[in-house]
Amino acid sequence: MSNAHDPRRRPPALKTLDHTVAAVPLLQGRVLLHEHARNIPRPRLTLDDELSGVVLTGANADARAFQLRTAVGYEGTLLIDSAAYSTYTATAEEPFMAPPDELFATVDDSLNFQKARGATAALTPTGYIPPASSRALKAVMRDANRIERADTLVSLPIDVAWLNRENIGQLIAVCAKIRHPKAVILFRQFDPLEQAKDVPANLRRLFTEVEHMALLRTDLAALDVLAHGALCAGIGVQSSLRHAIPPDEKAQIGKRGGGPTYPHVLMPQLMCFKGAESLSNLYANVDPATCDCEECDGRGLDRFFLPDGDTRREADNHTIATWSGWVSEMASYRAGTERKTWWRNKCTAAVDRYALENQRIGQGASSRSGFQVPPPLKAWATLPVAP
Ligand SMILES: [Zn+2]
């Protein structure tokens, strides 16, 4: 910066919130954007400060957060997800990962550090909680309840098997006994919500029965839990940030070999994410579906099958603008039955459009190459709206 030495242009000192400032009112009702810290931190213009915010994750998330606060002057809601769960598995003795380079560092130090870097609230560095590891889950509860702060979210990076019929009861019981707000992150290759038939219903049950629950690093499940009383949620900007992978596994990518990866684009009418390559193929010989968001301005959704950074950014902005619009719409309905009914009807209308769109683009009803309704969307469209 050319005027870095001009004292009038010095960025204002970082205003931080101490541990007595409660997390709950600052996060209530928000859908945050879960972003990787390696991207240059500039706030997305499509994010609404009243209803959204940012979760920075990955190596250097703290440094990027600090930069976003000081150099860029971002004043919105911000969380730092150090993603301890990507390398560390929770044990009955040590459910939280201690900072590796400091011998006597405590969980409190890790929480204070996030706040000093500008975080709105602090996330515990919980390790990955494997399926059926009750002792690790209970250890999280034990250690979390020793934390004497108002600003802390206890992160619960759980394998999706915790949402199965056999385990959901115990998960709910433990969550209800943790006296801080909680942030669930679901682990499994591909879409965790597609792993078993009752997962969407049980996830909803968890969020209905336990107060102050957040769901981070997810996809449209963010809106489902928010409609059903979640504290807040976070949607990943890329598919790798819409779920997480256990520490000892490598991400399995749908296609063979290396080569460039293309964005997955949120389809506004169908309410699903679809890869840029398959959109380009599906719409090769017909008019593409178009979008009226501020990024697309009526243009076709087949235009993102290019490997450059600008295209990816444009695709991401389209996706963010699309779900942000839904979050604002949801906020205009009263919490409770009104909001749940709106969401159910929106999902039903989306499900009903698949056959029409497949027919329009010349894909038969039984074709496996057209658009397929994602099982979670089908569940959200059909599960009963409890009062
Ligand atoms: Zn768009």
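The values are calculated or read from the model by the stated rules, or taken from the named source; none is laboratory data. Just so it is clear, the structure is predicted and the values come from calculations on it, not from any experiment. Note that each Cβ is placed from the backbone with ideal geometry, even for glycine, and that neighbours are counted across all protein chains shown. The protein model used for the area step is the full one, side chains on, heavy atoms only, and it has no ligands, DNA or RNA in it. Shrake-Rupley method; radii C 1.70, N 1.55, O 1.52, S 1.80 Å.
Filter the range 302-331 down to residues that are among the small types (Gly, Ala, Ser) and more than 10 Å from the ligand (Cβ to nearest atom) and give me whichever is nearest to VAL31 (Cα to Cα).
My answer is SER324.
Does LEU356 count as among the hydrophobic types (A, V, I, L, M, F, W, C), open to solvent by 70 Å² or more (accessible area, probe 1.4 Å) and not in a helix (DSSP H, G or I)? It would help to see each step written out before you state the result.
Numbers: among the hydrophobic types (A, V, I, L, M, F, W, C): yes; open to solvent by 70 Å² or more (accessible area, probe 1.4 Å): yes; not in a helix (DSSP H, G or I): no.
When the stated conditions are applied, LEU356 does not pass them.
What tally of residues in the range 280-301 results from selecting those that are away from the ligand (no atom under 12 Å from the Cβ) and either aromatic (Phe, Trp, Tyr) or buried (at least 16 other Cβ atoms within 10 Å of the Cβ) (or both)?
3
Mind listing whichever residues of the range 40-95 are part of a helix (DSSP H, G or I) and acidic (Asp, Glu)?
Step one: filter the range 40-95 for residues part of a helix (DSSP H, G or I), giving 61-70, 84-86.
Across the range 40-95, the qualifying residue is only ASP62.
Going by what's in this entry, would ASN345 be described as without any contact (Cβ under 8 Å) to a residue 40 or more places away in the chain and open to solvent by less than 30 Å² (accessible area, probe 1.4 Å)?
Here the answer is no, as ASN345 does not meet what is asked.
List the residue pairs whose Cβ atoms are under 8 Å apart, where the first residue sits in the range 304-322 and is not assigned by TED's automatic domain parsing to the domain that holds ALA222, the second is assigned to a helix (DSSP H, G or I) and open to solvent by 10 Å² or more (accessible area, probe 1.4 Å), and the two are 6 or more positions apart or on different chains.
Once the first residue is not assigned by TED's automatic domain parsing to the domain that holds ALA222 and sits in the range 304-322, its partners that are assigned to a helix (DSSP H, G or I) and open to solvent by 10 Å² or more (accessible area, probe 1.4 Å) give PHE304/SER280; PHE304/THR311; PHE304/ARG312; PHE304/GLU314; PHE305/GLU277; PHE305/SER280.
Results for (1) open to solvent by 30 Å² or more (accessible area, probe 1.4 Å); (2) of a type in the set (Val, Ile, Thr); (3) closer than 23 Å to ARG38 by Cα; (4) not assigned by TED's automatic domain parsing to the domain that holds GLY336, shown as yes or no for each residue.
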residue: GLU194; (1), (2), (3), (4): yes, no, no, yes
residue: VAL199; (1), (2), (3), (4): no, yes, no, yes
residue: LEU203; (1), (2), (3), (4): no, no, no, yes
residue: HIS228; (1), (2), (3), (4): no, no, no, yes
residue: GLU249; (1), (2), (3), (4): yes, no, yes, yes
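Scan (1) away from the ligand (no atom under 16 Å from the Cβ); (2) open to solvent by less than 60 Å² (accessible area, probe 1.4 Å) for the single condition PRO268 breaks and write down its number.
(1)
Test LEU14 against the criterion of being at pLDDT 70 or above and outside any loop (DSSP other than H, G, I, E, B), and give yes or no.
Details: at pLDDT 70 or above: yes; outside any loop (DSSP other than H, G, I, E, B): no.
No: the conditions fail for LEU14.
Yes/no matrix, rows are residues, columns are (1) of a type outside the set (A, V, I, L, M, F, W, C); (2) surrounded by fewer than 19 Cβ atoms within 10 Å (Cβ to Cβ); (3) at pLDDT 95 or above; (4) farther than 15 Å from ALA227 by Cβ:
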position	(1), (2), (3), (4)
ASP310	yes, yes, no, yes
ARG313	yes, yes, no, yes
TRP323	no, no, yes, no
SER328	yes, yes, yes, no
ALA331	no, yes, yes, no
GLN372	yes, yes, no, yes
